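Enquirer: Attaching a single structure in structure tokens format; questions to follow.
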Amino acid sequence: MKGALLNPIRFYDSASMPDYLTYFPNFDNTTYGEGYFYGINPSLDCVRTHIGDIFLQFLNEDNAVFTMNLYKLNDNGSFDFNDAIDSVDISPTGWTGYQIHSITLTGLEDGFYYLKNSNYKSDIFRITSETIITEDLVKIKYANSTNDFGCIFGANYFTSYFIGNLQPGEIKTEIESFEGDRGEPIKLKSTPQRTATLNIFGLHQNYKDLIELIFSCDTIEINDVLFVNLEAPTYEDVDGSDLINISVKLVQSNNDYYGN
């Protein structure tokens with residue numbers, strides 16, 4: 001079993017975590033909150049936060065329904081079993097190779113959780129409905145018009161939340177013109193574009209792959225507005241930590257010259 005990199009939370013094999021003798025750290029066998037690399041200090045306050053339902057996809061090498069156990073943090077500081085969720089085969093008709101299965105977490109109460117199946121485990125994540133927390137988040141829904149990046153789309157889409165903001169971008173207008181017989185400029189057409197800059201702050205470095213894949217998708221909705229990124233995201237390391245800040249330049253893709 002392998003979790004898709006487009007999932008809003010990461011999964012890793014807890015039996016292959018670094019012991020610095022047999023297993024050395026990489027970005028697939030580590031989680032946040034622990035120091036793994038020389039000179040990089042772990043950040044404790046970078047737990048992934050989510051609102052509402054969580055949709056996840058997996059490459060299922062067994063081609064059979066599997067069960068994920070959900071654990072929730074209790075008041076004593078330990079995680080207790082909360083629920084068992086069976087996977088659903090979403091492979092389309094004619095799909096060859098290993099099946100693609102999904103799991104959807106619904107109706108979770110506020111709190112901290114993780115998922116586990118045998119040794120395959122998710123990062124700890126937080127479910128919240130507290131606006132004092134959610135007011136600092138941006139919401140990104142993303143999908144692709146074709147099945148790609150190891151995922152099945154169609155009616156399926158992912159949702160992720162990040163600490164950040166959405167700011168108006170630089171003014172951008174495409175102008176078509178020509179010079180008349182006497183050299184005077186004549187404007188044929190002017191096409192103003194609505195632009196924005198997405199800023200994401202304090203994201204753990206293990207989620208850089210998620211950002212890259214989100215902005216490789218062709219359907220991206222940020223805070224309920226459809227955007228297209230015309231450039232790859234840019235990254236800035238937070239000195240001495242395992243966190244990164246991210247900036248993405250965007251153009252609104254459904255600009256009809258009316259406000260929403």
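FYI, it's all coordinate maths here, none of it is from the lab. Here the structure is a predicted model, which means the values were calculated and not measured. Cβ sites come from the backbone with ideal geometry, for glycine too, and all protein chains shown count toward neighbours.
Enquirer: Order of Leu105, Leu166 from fewest to most other C-beta atoms within 10 Å? Show your work: numbers first, answer last.
Expert: Values: Leu105 20, Leu166 17.
Final ranking by Cβ density, sparse to dense: Leu166, Leu105.
Enquirer: Also, I was wondering about something else. Taking θ as phi - 60°, what are the ³J(HN,Hα) couplings along region 147-155 by the Karplus curve (6.51, -1.76, 1.60), each to the nearest whole Hz, with x for Gly and Pro?
Expert: Couplings: 5, 7, 6, x, 10, 9, 10, x, 7 Hz.
Enquirer: May I pose another question? Using a cut-off of 12 Å between alpha-carbon atoms, which aspartates and glutamates can reach Lys121, once sequence neighbours fewer than 8 places away in the same chain are excluded?
Expert: Excluding near neighbours in sequence, the set is Asp13, Asp28.
Enquirer: So what does the Cα-only Debye profile of the chain read at q = 0.08, 0.11, 0.14 Å⁻¹, as log10 I(q)/I(0), no solvent term?
Expert: -0.39, -0.69, -1.05
Enquirer: Moving on. Given +1 on the Cβ of Lys and Arg, -1 on the Cβ of Asp and Glu, and no further charges, what dipole in debye does the chain carry about its Cα centre, rounded to the nearest 20?
Expert: Details: 16 positive and 37 negative charges, 56 e Å.
Computed about the Cα centre, the dipole is about 260 debye.
Enquirer: Below 8 Å, C-alpha to C-alpha, sequence gap of six or more: please give me the relative contact order for the chain in percent. Could the numbers behind the result be given before it?
Expert: Details: 550 pairs, mean separation 47.6, N = 260.
For the chain, the relative contact order is 18 percent.
Enquirer: Under a plain spin-label model, where a point goes 7 Å from the Cα along Cα-to-Cβ, how far apart in nm are Asp218 and Ala155?
Expert: Taking the two extended label points, one gets 2.2 nm.
Enquirer: Consider just the alpha-carbon atoms of region 55-100 and return their Rg together with their Dmax, both in angstrom.
Expert: Rg, Dmax (Cα atoms, Å): 14.8, 49.
Enquirer: Largest first and in whole Å, give the semi-axes of region 10-85's equivalent ellipsoid, each being the square root of 5 times a Cα gyration tensor eigenvalue. Intermediate results must be reported in sequence, preceding the final value.
Expert: Numbers: eigenvalues 126, 78, 35 Å².
Its equivalent ellipsoid spans semi-axes of 25, 20, 13 Å.
Enquirer: Kindly flag which residue pairs out of Lys141/Lys249; Lys2/Lys249; Lys116/Lys208 have an alpha-carbon separation exceeding 25 Å in this structure. If you can, show how the numbers build up before the last one.
Expert: Values: Lys141/Lys249 17 Å; Lys2/Lys249 31 Å; Lys116/Lys208 23 Å.
Going by Cα-Cα distance, Lys2/Lys249 fall outside the 25 Å limit.
Enquirer: Go ahead and estimate [θ] at 222 nm for the chain from helices alone: -39,500 (n - 2.57) per DSSP H run with n ≥ 4, summed, over the residue count, rounded to 500. Don't jump to the answer; show the numbers that get you there.
Expert: Details: 2 runs with 11 residues, N = 260.
Calculated from helices alone, the mean residue ellipticity at 222 nm is -1000 deg cm²/dmol.
Enquirer: Pick from Asn117, Asn165, Asn74: which residue has the top mean-square fluctuation in a GNM of the chain where Cα pairs under 10 Å get a spring?
Expert: Asn74
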